[in-house]
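First comes the structure, then the notes that go with it.
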2 protein chains.
Amino acid sequence: MKKKRPTLQDVAERVGVTKMTVSRFIRNPDQVSDPLRDKIQHALDDLGYIPNRAPDILSKSKSHAVGVLLPSLTNQVFAEVIRGIETVLEPEGYQTMLAHFGYSQDLEEQRIATLLSYNVDALIISESQHTPKAQKMLENAGIPVIEIMDSTSTSPLHIIGINNSAAAREMTQTMIDHGHRNIVYFAARMDERTLQKIAGYKQAMAANNLTAAIKETRSASSFTLGAKFLEEVLSEYPDIDGIFCTNDDLAIGALYACQKKGLRVPEDIGIAGFHGHDIARAMVPLLATVVTPREEMGRLAAQQLLKNIHGEARHASVIELAYEIECGESIKKI
Amino acid sequence: MKKKRPTLQDVAERVGVTKMTVSRFIRNPDQVSDPLRDKIQHALDDLGYIPNRAPDILSKSKSHAVGVLLPSLTNQVFAEVIRGIETVLEPEGYQTMLAHFGYSQDLEEQRIATLLSYNVDALIISESQHTPKAQKMLENAGIPVIEIMDSTSTSPLHIIGINNSAAAREMTQTMIDHGHRNIVYFAARMDERTLQKIAGYKQAMAANNLTAAIKETRSASSFTLGAKFLEEVLSEYPDIDGIFCTNDDLAIGALYACQKKGLRVPEDIGIAGFHGHDIARAMVPLLATVVTPREEMGRLAAQQLLKNIHGEARHASVIELAYEIECGESIKKI
DNA sequence: TAAAGTATTGTTAGCGGTCACATTACCACA
DNA sequence: TGTGGTAATGTGACCGCTAACAATACTTTA
């Protein structure tokens, strides 16, 4: 026989008033007479009353929660996006409801339904491609939806992100400028962002009459994967003199593998990563990388959302954030 | 004038039945007559009906959501714990509600109240020390609560974790066995786990008549912090010949800094980390580290929780998971 | 063909707050 | 002492769904 948690009614009975009076006290003690204030507070503490949002959610369809839908939580990038989001939402009293879908559209559809079933007040999503059903849910939900990560998305939504393909093109060009020619792209996950980056990489290679080559996998990027890719690529592309990775971890893993093989970076092989995590700034040699404003992206998305929730509706807009090409030491052959 | 999302009533009217019939169809189509099935399904799709959990949460006080309360989300360790938790909860139809409190007890109290206000069916927390009010809420909540991370916690709760102090003691002893003497501990955050680890480190040092020395900060651990600590420690403890870090990132940051300084690892300085992240297995030299079962911890906690939710109550128990001392190459002086 | 199922659909109430609207208590002032 | 006004509290109703029960409709069987 487990005890149920106390309701306003329980507290009210203990004090000898109606629950309405207790409700008033909780929201604005001034509305309640002096002698009652103490009694109610005491009863509240005594019973350990904990507010219940369910009735409010039911009657107002407002949950004070924002749904955040990301492909993965273990990816450091998304962890930082989340931090940015929460930095803004928490002080405003909004709870973040996190869900992830492991890069699967069908799972994404389910997660959207789940989040909506909790009456989230807004949604932050991170892909532009959805199942038709998911698409419809997003349209019918009647709440603000923001898509983050890539600014070139064609969704009819508010979008906040960076131009991944431009960033990749620019970094590839930078590597070429530093004398690298046979640059292989290390890809993982093959999600929308990675495909954008690959496109940018290919453009830069083509523009310089160089041959693009891609090492890819559907699985997650990691340090060990970077090392494995390097082992393989050496036999597959013996002429390789540059590697551009979809993520810093791949790059660093590859770099370690080079050290083991006795290959010099950047002299024998130039290596560049993507995102500019903290480690890139501490390592030897400093990693060339595209520094992305992950946390800021989260912050801006959350701020935009709050504006929308508070009624400042506006047309779907695209905010493109700046990235930064950091040359480090790992591609400075010339 | 924003459109409200459709309710069961809306669907029912469209079909010409009562919402009860639609409700039945959704939960078990067999209960509805053949000709209606199609019509209802059609209306459902047509209006884009999305189930609403609020009424259920209100009437049954069951949300099918589990609250997870962690100090930080950006810490890789917790990201993996979350993955473990979700691996188990998602297939069971439970939504994870994440909250974090930045290592502050007061914030933790607030987060607990918030999560409970959403009627979570269970709670996973990660600290043993709480404010009195938080403590009371946890007791009164009437839902299963599991504390994870450290098995030596004295909470009167279900506990799943590792013995951090024993692990630190063992790793310190291992370093000593490999010929390191003046080992300094690099600490960050100063949370409960770190304090436990420091205790274990001190025990091992004392047992070998060696002097313990600690570099500490309240801020988060990072690669750059590890590098900074190394710089500082060289002048503060010129005799230093070993570093044991509360986290792999500190260790790796310190290691890079050693490389810059021309210090050999492990010959001049042995370095050990904690947790055994993927990078430790890819790097050169391989990092000595305590491998912790982070994901398993999350999985087990979630499984335990599900059992409790389904009524298999039991006395508070402690599950101590095994860690592993991995020597790698970074402490093998002897 | 009537009685007795069984299958299908409908009706009511309630979950726990809060809104909008009474109602009562209390006070000042003419 | 009565009147008007404000402060303090109370009274349904409602949010959307479903459990429990009620009422039909349709079959089957004697």
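The values are calculated or read from the model by the stated rules, or taken from the named source; none is laboratory data. It should be emphasised that the depicted structure is a prediction, and the values quoted were computed from it without experimental measurement. Cβ coordinates were reconstructed from backbone atoms using ideal geometry, including for glycine residues, and neighbour counts include every protein chain displayed.
Quick look at the values:
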item: Any hit, region A:154-162, residues being modelled with pLDDT of 95 or more, away from chain B (no Cβ under 14 Å) and in contact with a Phe, Trp or Tyr (Cβ under 8 Å, 6 or more places away or on another chain); result: yes
item: Flag for A:Ile26 being within 13 Å of chain B (Cβ to nearest Cβ), surrounded by fewer than 17 Cβ atoms within 10 Å (Cβ to Cβ) and either within 16 Å of DNA strand D (Cβ to nearest atom) or over 22 Å from B:Leu115 (Cα atoms) (or both); result: yes
item: Flag for A:Gly161 being outside any helix (DSSP H, G or I) and surrounded by fewer than 24 Cβ atoms within 10 Å (Cβ to Cβ); result: no
item: Set B:Leu98, B:Leu73, B:Leu89: member being in contact (Cβ under 8 Å) with a residue 40 or more places away in the chain, of a type in the set (A, V, I, L, M, F, W, C) and within 12 Å of chain A (Cβ to nearest Cβ); result: B:Leu89
item: Considering residues of region A:30-66 that are at the interface with chain B (Cβ under 10 Å from one of its Cβ atoms) and of a type in the set (Gly, Ala, Ser) only, the residue farthest from DNA strand D (Cβ to nearest atom); result: A:Gly48
item: Residues within region B:67-111 that are more than 18 Å from B:Asp150 (Cα to Cα) and of a type in the set (S, T, N, Q), tallied; result: 5
item: Region B:8-23 - residue that is more than 9 Å from DNA strand C (Cβ to nearest atom) and of a type in the set (A, V, I, L, M, F, W, C) and, of those, surrounded by the most Cβ atoms within 10 Å (Cβ to Cβ); result: B:Val11
item: Some residue of region B:230-240 being within 11 Å of another protein chain (Cβ to nearest Cβ) and touching a Phe, Trp or Tyr at 6+ places or on another chain (Cβ under 6 Å); result: no
item: Verdict on B:Thr154 being polar (S, T, N, Q) and assigned to a helix (DSSP H, G or I); result: no
item: Qualifying residue in region B:129-137 (condition: facing chain A (nearest Cβ under 9 Å), in a loop (DSSP other than H, G, I, E, B) and without any contact (Cβ under 8 Å) to a residue 60 or more places away in the chain); result: no
item: Filter result for B:Thr211 (in contact (Cβ under 8 Å) with a residue 12 or more places away in the chain and either among the acidic types (Asp, Glu) or within 14 Å of chain A (Cβ to nearest Cβ) (or both)); result: no
item: Qualifying residue in region B:241-257 (condition: buried (at least 24 other Cβ atoms within 10 Å of the Cβ), closer than 20 Å to A:Gln259 by Cα and away from every other protein chain (no Cβ under 14 Å)); result: no
item: Verdict on A:Ile214 being at pLDDT 95 or above, in contact with a strand residue (DSSP E or B) (Cβ under 8 Å, 6 or more places away or on another chain) and not polar (S, T, N, Q); result: yes
item: Residue in region B:258-281 that is of a type in the set (Asp, Glu) and crowded, with 24+ Cβ neighbours inside 10 Å present; result: no
item: Residues located in region A:10-23, provided they are away from chain B (no Cβ under 14 Å) and more than 6 Å from DNA strand D (Cβ to nearest atom); result: A:Ala12, A:Glu13, A:Arg14, A:Val15, A:Gly16, A:Lys19, A:Val22, A:Ser23
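Each row is one residue, and each column tells you yes or no for (1) under 28 Å from A:Ile159 (Cβ atoms); (2) in contact (Cβ under 8 Å) with a residue 12 or more places away in the chain; (3) within 14 Å of chain B (Cβ to nearest Cβ); (4) not hydrophobic (A, V, I, L, M, F, W, C).
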site	(1), (2), (3), (4)
A:Tyr201	yes, yes, no, yes
A:Ala206	yes, no, no, no
A:Ser221	yes, yes, yes, yes
A:Leu225	no, yes, yes, no
